[in-house]
Amino acid sequence: MKKAMLIGNLVVACSLFIGGQAFAQASYIAYKSQRGTTVAIPESTIITYCGDFDGCTIRLGMYDWDGTQRTASREFLFYYNSANRNWRASNDEAGTNYNSGTQHVYSAWACYFTDGQYSGWSNQGDPNANFGLLSWDQYVADCKLSIFD
């Protein structure tokens, strides 16, 4: 088992082996102070965890929106085809990454997992292959995203 470390907005990926089965994760945080600006999730991370036949599970959490330090969360399946950059989530959202237009994969309250890029509350479209985690204006909250393979 590897320990996780927080480095900026990335919680360093960790792995756990139980009975020969590997469990891996990568986690990201969009802090309240970064609301309106995406935290980049590299396409290489999405390919590593979500680009195989069984996809990945993504957990999206909104933290401390009401000052009580609680986390409201949702979990969904996500599949990514690295050959053509098409994606689909278990909420039936589907899209194509790096196609100029922003497409949200999943949103829960003020937290968004998106293929687009935002800066200072402005939608920049989908100018690169990265995905993003976004804390938006419905609540003043930290947003957490973990990817499990």
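Side notes on the structure shown:
- Complete set of residues in segment 26-43 that are surrounded by fewer than 19 Cβ atoms within 10 Å (Cβ to Cβ) and assigned to a strand (DSSP E or B): ALA40
- Residue selected from segment 107-116 under the condition among the aromatic types (Phe, Trp, Tyr) and over 18 Å from GLN25 (Cβ atoms), by the criterion surrounded by the most Cβ atoms within 10 Å (Cβ to Cβ): TYR112
- Just one residue in the set SER135, SER119 is more than 19 Å from TYR49 (Cβ to Cβ), small (Gly, Ala, Ser) and crowded, with 18+ Cβ neighbours inside 10 Å; that residue is SER135.
- Scanning segment 87-106 for residues that are crowded, with 19+ Cβ neighbours inside 10 Å and closer than 19 Å to ALA30 by Cα turns up THR102, VAL105, TYR106.
- Yes/no for TYR63 being surrounded by 14 or more Cβ atoms within 10 Å (Cβ to Cβ) and in contact with an Asp or Glu (Cβ under 6 Å, 6 or more places away or on another chain): yes
- Hits in segment 64-110 - residues which are hydroxyl-bearing (Ser, Thr, Tyr) and either part of a loop (DSSP other than H, G, I, E, B) or within 23 Å of ASP149 (Cα to Cα) (or both): THR68, THR71, SER73, TYR79, TYR80, SER82, SER90, THR96, TYR98, THR102, TYR106, SER107
- Pairs are defined by a Cβ separation below 7 Å, a sequence spacing of at least 6 or placement on different chains, a first member in segment 128-149 that is within 23 Å of ALA24 (Cα to Cα), and a second member that is modelled with pLDDT under 95 and in a loop (DSSP other than H, G, I, E, B); no pair meets this definition.
- Residues that are touching a residue at least 12 places away in the same chain (Cβ under 8 Å), more than 11 Å from the chain's Cα centre (by Cα) and assigned to a helix (DSSP H, G or I), drawn from segment 44-57: ILE47, THR48, TYR49, CYS50
- Residue match in segment 112-129 (condition: among the aliphatic types (A, V, I, L, M), assigned to a strand (DSSP E or B) and either within 18 Å of ALA40 (Cβ to Cβ) or under 14 Å from the mean Cα position of the chain (by Cα) (or both)): no
The values are calculated or read from the model by the stated rules, or taken from the named source; none is laboratory data. The model shown is predicted, which means the values in this text are computed figures rather than measured ones. FYI the Cβ positions are ideal-geometry reconstructions off the backbone, even for glycines, and counts take in every protein chain you see.
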